[in-house]
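Let me begin by presenting the structure, written as structure tokens, before commenting on it.
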Amino acid sequence: MSSGWIHTIKGPVAVEDLGLILPHEHLFTDLRGPSVSDYAQADAEDVVRGLSANLAAAAASGVTALVECSTIGVGRNVAILQRLAEHTPIHLIAPTGVYRDAFIPASMRDLEVEALSEMWIRDLTEGIDGTSVRAGFIKIAMSDDGPTPLEVRNLKAAARASQRTGAIIGSHTIGGRIARRELDILEAEGLDLRRFIWIHAQTEPDPAVHLEVARRGAYVEFDAIGAPDQSQEAMRDYTLALVKAGYAENVLLSHDAGWYQPGRRGGVPENVGMRGYTALVTDFIPALRAAGLTDETIKLLTVTNPARAFAFVGEH
Ligand SMILES: [Zn+2]
């Protein structure tokens, strides 16, 4: 009995064949946005050179699948992702969807909900940009003071695309006020909130809000693991609080790390540098263990939960 498939860049993979899954990372990200002339362009071999050591270290640490969250508006380039998927043993998952308002390309700004959802359904069921590479989930994003009217449209389109395909929606969401708005909008559209991930939940300091969102069924993702400027202790405590309250099945953990930035020498992003994908294994899991979590719970957080979240059930 299969419990489902993830749609990777190289095709469907049965979730029971997977171990550790990173639900939120970046490989190739163009934060200059879609208006620059060489947007999302780079030499694929230079990208492979830039990311090779970090991908090898992740594979050696036991990572079996990695979700690329760089969507339309911040550089999604399917040819480069295909080249990376050839290079690494890690299963890579590509997104459909679009980044926050300021990054939405002109060609997508005037679309109605239905046309936009059809575009995303095509990515999920047929392939991206004329290839047979299917997107494995829907990634959207809210402005810090959002959602803006276009972001509300994106939420509605995402709900429709999710309902018709089974794909999970992840949304970049800063703080609990916006998360609540999103859940209300998605619920009004009829979405089962178990098909939603609150990305960057650590930006909300009140654990009661994490709990409220988990109670409504959504995944709560703490995804700044290993980030030097973010409190690892806070994310550990938020995780422990949800586990203790009986919502271990709603927690997702990732680094939000990477990435190759086009237009930079060697692809190294300005200021932050290129961050690797191993702090979960080397630091965060040991900290959870030291705080009393069992191996069984840690497997739930890092293997079972992301597999369930990103799985498509039925025939592939
Ligand atoms: Zn991210």
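Only the coordinates and a few stated rules stand behind these numbers; no lab work does. What you see is a predicted model; the values in this text were computed from it and never measured. Quick reminder, even Gly has a Cβ in these numbers, built from the backbone with ideal geometry, and neighbours come from all protein chains shown.
Relative to one another, the C-alpha centroids of the stretch 82-110 and the stretch 174-199 are positioned 21 Å apart. Here the label points at R215 and A287, each 7 Å from Cα along the C-beta direction, are separated by 2.7 nm in the simple model.
Please list, by residue number, everything in the stretch 249-277 whose backbone N is under 19 Å from a paramagnetic label point 7 Å out along Cα→Cβ of A56. 258-260, 266-268, 274-277, by backbone N distance to the label point. Its Cα gyration tensor gives the stretch 119-261 an equivalent ellipsoid. The semi-axes, each the square root of 5 times an eigenvalue, are 26, 18, 14 Å from largest down.
In the stretch 129-174, the convex hull through the Cα atoms has an average projected area of 3.7 nm², a quarter of its surface area. The label point for Q230 and the one for V36, both projected 7 Å from the Cα toward the Cβ, are 2.3 nm apart. The modelled label-to-label distance between E126 and R194, using points 7 Å beyond Cα along the C-beta direction, is 3.1 nm. Near the amide H of Y260, within less than 5 Å, lie the amide hydrogens of F28, T29, all on another chain or at least 5 residues away, with H placed in the peptide plane. Just tell me which lysines come within less than 20 Å, Cα to Cα, of K244; anything on the same chain fewer than 8 places away is out. Reachable lysines: K299. Between Q163 and R264, the contour length at 0.36 nm per residue exceeds the alpha carbon distance by 32.5 nm.
For the chain, complete DSSP H runs whose alpha carbons reach 20 Å or more along their own long axis and whose mean Kyte-Doolittle score is 0.0 or higher are 44-60. When Rg and the Kirkwood Rh are both derived from Cα coordinates, the Rg/Rh ratio for the stretch 5-310 amounts to 0.93. Of the beta bridges in the chain, as assigned by DSSP with both residues counted there, near 20 percent are antiparallel.
Each Lys and Arg Cβ is given +1 and each Asp and Glu Cβ -1; about its Cα centre, the chain then shows a dipole of about 180 debye.
Each of I199, I128 has some number of other Cβ atoms within 10 Å of its Cβ, and from fewest to most they run I128, I199. Taking N77, N271, N54 as the candidate residues, the one with maximal mean-square fluctuation in a Gaussian network model of the chain, Cα springs under 10 Å, is N271. With R₀ set to 35 Å, the beta-carbon distance separating D17 from D145 gives a calculated FRET efficiency near 0.25.
Between the amide H of E204 and those of G175, distances stay under 5 Å, these residues lying 5 or more places away or on another chain, with hydrogens modeled in the peptide plane.
A P(r) calculated from all alpha carbon pairs of the stretch 93-136, with 5 Å bins opening at zero, reads 5, 23, 28, 24, 16, 3 percent. Counting neighbouring Cβ atoms within 10 Å and putting the fewest first, the residues L242, L150 line up as L150, L242.
Built from the Cα atoms of the stretch 1-76, the convex hull projects on average onto 5.9 nm², one quarter of its surface area. Fewest-first ordering of I140, I121 by other beta carbons within 10 Å of each residue's beta carbon gives I121, I140.
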